[in-house]
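Values in this text are rule-based calculations from the coordinates and carry no lab data. Bear in mind the structure is a predicted one, so any value in this text is a computation, not a measurement. Quick reminder, even Gly has a Cβ in these numbers, built from the backbone with ideal geometry, and neighbours come from all protein chains shown.
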Amino acid sequence: MEPTFICSIFPSFFFFFLNDYKILKKEIYVFAIKTLKIMNVTNSLRRGYQVYKEVCASCHSLQYVCYRHLVGYVLTEKEAKRDAAAALIEDGPDDQGELYLRPGTLMDVLPPPYKNDMVAKSANNGLKDFKLFCCNLIFSEI
């Protein structure tokens, strides 16, 4: 009689604690996955921006992406300000009507590799902007 009693009580006792364990484990698991996913997306975006800066920026432009768009997703604010200040932006005209170069700010767009579309077309048969690819990738991942 004792083995029957143990066999009938043990499964209910086991499932009672198993349910509590599953609930606790599920909450921790979901939180950990969300945190890891955000970290992986951020690291991936940082690598992609680094590749763009070193390889793609010599031919392709990000015409509508400002440095401020990169803050929080790709770069910290301090890093974005440093990258923007490193870029020389053509601004003006000044008092004499001349265009001048100034350090960039967060409100400036990433500088294009060529002065105008005709120069770009003559150099590379008019390569496409990366603006659509970048925006689609960033907002589909987050």
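With a Förster radius of 22 Å applied to the beta-carbon distance between Leu106 and Gln63, the computed FRET efficiency rounds to 0.85. Between the amide H of Ile89 and those of Arg102, Gly104, distances stay under 5 Å, these residues lying 5 or more places away or on another chain, with hydrogens modeled in the peptide plane.
Identify the GluC sites (Glu not before Pro) of the stretch 60-130 meeting these criteria: DSSP loop state and at most 10 other C-beta atoms within 10 Å of the C-beta. Answer in residue order: Glu98. Converting phi to 3J(HN,Hα) with the Karplus coefficients 6.51, -1.76 and 1.60 and the offset θ = phi - 60°, the stretch 68-82 yields 5, 5, 7, 5, x, 9, 10, 10, 6, 5, 5, 5, 5, 5, 5 Hz in sequence order, with x at every glycine or proline. The 3J(HN,Hα) values that the Karplus relation (6.51, -1.76, 1.60; θ = phi - 60°) gives for the stretch 101-114 are, in residue order, 9, 9, x, x, 10, 5, 7, 7, 6, 4, x, x, x, 10 Hz. Gly and Pro appear as x.
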